[in-house]
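**Student:** Before anything else, here's the structure in question.
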Amino acid sequence: QVQLVESGGGLVQPGGSLRLSCAASGRIFSINAMGWYRQAPGKERELVAARTSGGSTNYADSVKGRFTISRDNAKITVYLQMNSLKPEDTAVYYCNAEVRDSSDYTFRDYWGQGTQVTVSS
């Protein structure tokens, strides 16, 4: 099994900043990509940002220029720095990792439990 543990969510005023962290552990042979998704009430889960092991990044148009994804390969941790937060960024944020399981070398998708981000005055 692989575990993804998220931290860093909370309540912040519009224009403020938060940093989310997601640490992976368990039967990890390698990780292809790690990223963040979010789901607001009544909406589908959407990609926020992702980063491959090679360093390529992908961002949702709505967060470009405000959010930055980074990854510490040694700590098997991915971060999401969120600046200039807006009320429409309010959602549950989920960490995702495409992991090559060390037990059978098969790639599988894993998800964290989610962390709430609320942007409100």
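**Student:** Can you pull out every residue in segment 63-93 that is aromatic (Phe, Trp, Tyr) and touching a helix residue (DSSP H, G or I) at 6+ places or on another chain (Cβ under 9 Å)?
**Tutor:** Of everything in segment 63-93, just one residue is aromatic (Phe, Trp, Tyr) and touching a helix residue (DSSP H, G or I) at 6+ places or on another chain (Cβ under 9 Å), namely 67.
**Student:** Would you check if there is a residue in segment 33-45 being open to solvent by 50 Å² or more (accessible area, probe 1.4 Å), of a type outside the set (D, E, K, R), within 16 Å of residue 98 (Cα to Cα) and under 12 Å from the mean Cα position of the chain (by Cα)?
**Tutor:** Checked segment 33-45: at least one residue is open to solvent by 50 Å² or more (accessible area, probe 1.4 Å), of a type outside the set (D, E, K, R), within 16 Å of residue 98 (Cα to Cα) and under 12 Å from the mean Cα position of the chain (by Cα).
**Student:** Select from segment 72-90 the residues that are open to solvent by 20 Å² or more (accessible area, probe 1.4 Å), within 18 Å of residue 114 (Cα to Cα) and part of a strand (DSSP E or B) and list them in ascending order.
**Tutor:** Selection gives 79, 81.
**Student:** Among the residues of segment 51-61, are any assigned to a loop (DSSP other than H, G, I, E, B), open to solvent by 50 Å² or more (accessible area, probe 1.4 Å) and closer than 28 Å to residue 120 by Cα?
**Tutor:** Checked segment 51-61: no residue is assigned to a loop (DSSP other than H, G, I, E, B), open to solvent by 50 Å² or more (accessible area, probe 1.4 Å) and closer than 28 Å to residue 120 by Cα.
**Student:** Within the group 105, 79, 37, 93, which residue is modelled with pLDDT under 95 and either in contact with a strand residue (DSSP E or B) (Cβ under 9 Å, 6 or more places away or on another chain) or not hydroxyl-bearing (Ser, Thr, Tyr) (or both)?
**Tutor:** Just a single option satisfies the conditions, and that option is 105.
The values are calculated or read from the model by the stated rules, or taken from the named source; none is laboratory data. Bear in mind the structure is a predicted one, so any value in this text is a computation, not a measurement. Every residue, glycine as well, gets a Cβ built from its backbone with ideal geometry; the counts of neighbours run over all protein chains shown. Note: accessible area is taken over every heavy atom of the protein model, side chains too, but ligands, DNA and RNA are not part of it. Shrake-Rupley method; radii C 1.70, N 1.55, O 1.52, S 1.80 Å.
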